[in-house]
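Read through the structure below, which is laid out as structure tokens, and then see the notes.
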Amino acid sequence: MDGPRPLESVGVTSKPDRWWDGAAIYQIYPRSFSDADGDGIGDLAGIASRLDHLAGADGALGVDAIWLSPIYPSPLHDFGYDISDYTDVAAEYGTLADLNELIAACHARGLRFLMDLVPCHTSIEHPWFMEARAGRDSPKRDWFIWADAGPGGGPPSNWEAAFGGSSWEWDEASGQYYLHSFYPEQPDLNWRNPAVAAAIGDVMRFWFARGVDGFRVDAIFAAIKDDRFRDNPPDRRPHAIPGLGGDAGQDPLWSLNRPEVHDVIRHLREVAEEFPGRVLVGEAYLPVEELAGYLGHGADDEFHLAFNFELLLTPWEHQHLTLAIERSEALHPPDTIPTYALSNHDQSRHATRWGSERARAAAFLLITLRGVAVLYAGEEIGMVDADPAILPDPPFDRAGRDGYRTPMQWDATPSGGFTTGTAWLPLVDPASRNVAGQASDPASLLSLYRRLLAVRRASSALRHGRHRSIFGVGPGVLAWLREADDERVLVLLNTGDGDGPCDLAEVNGGAGEIVVATTERAGTVNLDRIKLRPHEGIAIRI
Ligand code: NOJ
């Protein structure tokens, strides 16, 4: 070793007008959060009744924004991601007036309000598609993607839909196929048609004018496809990341992530720019190299934020976690920040994937990394996936995601305080994991989330600071520095099951003050003598 290297951080500190820099966003799956009217399905009034849990009250989690998965009218083939009316609220969730009230209630406590924008497909029951389907001469025909049968009489290309099978569905009445990147009940909009861009722009304006602070933009990498419908090649990408495409044995070369998608994103951004302070968060399961472009190619004219799912899809192993973090830090363009989530309504919950014994370490990781942290409702109490044996058969979701969408567990009663009726999906284990039980216990996971979020809000280094990894600190130990002009915080996380002695020579020794830990550790600590316990995380101001 040549002695300590000079400390150089990468990344940027934030610009003051961007409220989302370093923010924590809380994802609510509306059907499963809180049911105010007793029909077993969560609703807007239920969400409004739970805001004290989130922000602006003593003992609140302390998140900056909530994001609601779709609440629009839908025949529920994909539980709201198949929309039949973009500018209304489904009756089971409430009314537009309820939504206005909820937005106002959020704003009154300083909580931003994000909705889901699903611009790539509608429902087969959307009037646009019903009109398009009426015949080849329909004025709306070209709002969707239609094609004649291929030369052999089958689908026009070999493209596979995200949930399996061909992405082409035969429409008997009009004698053509239509394209659907997801379920057949979700016909893809034709983003090559300027009328579609204009209509979705108007949808955004409708909600922005109601005070919505931004959108999580669904499946954007599927927005635009090859206009010649060329066949996808077999998947031979050496670096394919599990879950990031290629699952169907084909490289989605012509059907996903086409270069023209950037025109689509720039259009969405232009509309957002009409309304100050609004944010767009792109959803795209892509390796960070590709994702980086969705944040603009040097110009700040595409998404403000884009989910980096590499961390979510990584096994809990030191090497894998290191790689995911390093790739994210190295490949995010200057002036942009990563957006991490560890769980969502599409993926096995991380307390199940990585194990409940790692839930505290995972919370620490998510909240001490540079960027935006997106929490999925229930992770703050350690909720796990439902055992398939308790789930409905046949499942509500054909792709098998019911187990990640079970109702929030507010208290220890059998209905978890979620509903006074019969919950639409069974609860997993309200008696052992619930908000009420953890709220007053300082050693609970919920209390840890609150502490982590409070410390992050108060710390310029943790909220806005640059990131610099420190390697070789000890087996299984992740280490990095978060640096702002006025504060430096050293973050240490033992990913292993054994003790984690730390060699911090590179940080030049000395003492530091613990600002937050996953354990009860507090006070001043000598950097020469730190030994982490299994799964322990400590953040130290140095
Ligand atoms: C991503 C959403 O999160 C998922 O739930 C949905 O099935 C697809 N996009 C299609 O909209």
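The values are calculated or read from the model by the stated rules, or taken from the named source; none is laboratory data. Nothing here was measured: the structure is a model prediction, and the numbers come from that model. With ideal geometry, Cβ positions are generated from the backbone for all residues, glycine too; neighbour counts draw on all protein chains shown. These area figures cover heavy atoms from the full protein model, side chains too; ligands, DNA and RNA do not enter into them. Shrake-Rupley method; radii C 1.70, N 1.55, O 1.52, S 1.80 Å.
Structure notes:
Results for (1) within 16 Å of the ligand (Cβ to nearest atom); (2) within 30 Å of Ile28 (Cβ to Cβ), shown as yes or no for each residue.
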residue	(1), (2)
Thr122	yes, yes
Glu172	no, no
Arg192	no, no
Phe208	no, yes
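- The requirement of being modelled with pLDDT of 95 or more, crowded, with 17+ Cβ neighbours inside 10 Å and in a helix (DSSP H, G or I) is fulfilled nowhere in the stretch 235-256; no residue meets it.
- Selected residue (only one of Ala517, Ala443, Ala454 is more than 23 Å from Pro534 (Cβ to Cβ) and hydrophobic (A, V, I, L, M, F, W, C)): Ala454
- Selected residue [on the phi < 0 side of the Ramachandran plot, hydroxyl-bearing (Ser, Thr, Tyr) and within 16 Å of the ligand (Cβ to nearest atom)] from Ser415, Ser348, Ser440, Ser444: Ser348
- Residues of the stretch 73-109 that turn out to be more than 18 Å from Arg405 (Cα to Cα), open to solvent by 10 Å² or more (accessible area, probe 1.4 Å) and within 13 Å of the ligand (Cβ to nearest atom), as a count: 0
- Conditions (1) open to solvent by 30 Å² or more (accessible area, probe 1.4 Å); (2) within 16 Å of the ligand (Cβ to nearest atom); (3) in the same structural domain as Trp207 (by TED's automatic domain parsing): number failed by Pro184: (3)
- Within the stretch 338-358, considering residues that are hydroxyl-bearing (Ser, Thr, Tyr) and assigned to a loop (DSSP other than H, G, I, E, B), the one farthest from Phe303 (Cα to Cα): Ser348
- Of all residues making up the stretch 257-274, the number that are open to solvent by 40 Å² or more (accessible area, probe 1.4 Å) and in a loop (DSSP other than H, G, I, E, B): 3
Residue-by-condition table, conditions (1) of a type in the set (D, E, K, R); (2) under 15 Å from Lys225 (Cβ atoms); (3) assigned to a loop (DSSP other than H, G, I, E, B):
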| residue | (1), (2), (3) |
| --- | --- |
| Ile124 | no, no, yes |
| Ala132 | no, no, no |
| Arg136 | yes, no, yes |
| Pro151 | no, no, yes |
| Gly154 | no, no, yes |
| Ser157 | no, yes, yes |
| Gly164 | no, no, yes |
| Trp170 | no, no, no |
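- Of the set (1) away from the ligand (no atom under 16 Å from the Cβ); (2) modelled with pLDDT of 95 or more, all apply to Pro287 but (2).
- Residue list for the stretch 291-330, restricted to those being open to solvent by less than 60 Å² (accessible area, probe 1.4 Å) and of a type in the set (A, V, I, L, M): Leu291, Ala292, Leu295, Ala299, Leu305, Ala306, Leu311, Leu312, Leu313, Leu321, Ala324, Ile325
Every residue, every condition in (1) over 26 Å from Leu253 (Cβ atoms); (2) open to solvent by 10 Å² or more (accessible area, probe 1.4 Å); (3) away from the ligand (no atom under 16 Å from the Cβ); (4) of a type in the set (Phe, Trp, Tyr), yes or no:
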{"position": "Ala149", "(1), (2), (3), (4)": "no, yes, yes, no"}
{"position": "Pro155", "(1), (2), (3), (4)": "no, yes, yes, no"}
{"position": "Gln176", "(1), (2), (3), (4)": "no, yes, yes, no"}
{"position": "Leu189", "(1), (2), (3), (4)": "no, no, no, no"}
{"position": "Val212", "(1), (2), (3), (4)": "yes, no, yes, no"}
{"position": "Asp218", "(1), (2), (3), (4)": "no, yes, no, no"}
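- Contacts under 6 angstrom Cβ, first residue in the stretch 268-293 being within 23 Å of Ala324 (Cα to Cα), partner open to solvent by 40 Å² or more (accessible area, probe 1.4 Å), 6 or more apart: Val288/Arg327; Val288/Leu331; Glu289/Leu331; Ala292/Leu331
- Single residue of Arg468, Arg450, Arg456, Arg482 found to be surrounded by fewer than 23 Cβ atoms within 10 Å (Cβ to Cβ) and within 20 Å of Ile542 (Cβ to Cβ): Arg468
- For the stretch 504-542, a tally of residues being charged (D, E, K, R), in contact with a helix residue (DSSP H, G or I) (Cβ under 9 Å, 6 or more places away or on another chain) and open to solvent by 20 Å² or more (accessible area, probe 1.4 Å) returns 2.
- Which numbered condition Gly165 misses (of (1) within 30 Å of Ala272 (Cα to Cα); (2) within 16 Å of the ligand (Cβ to nearest atom)): (1)
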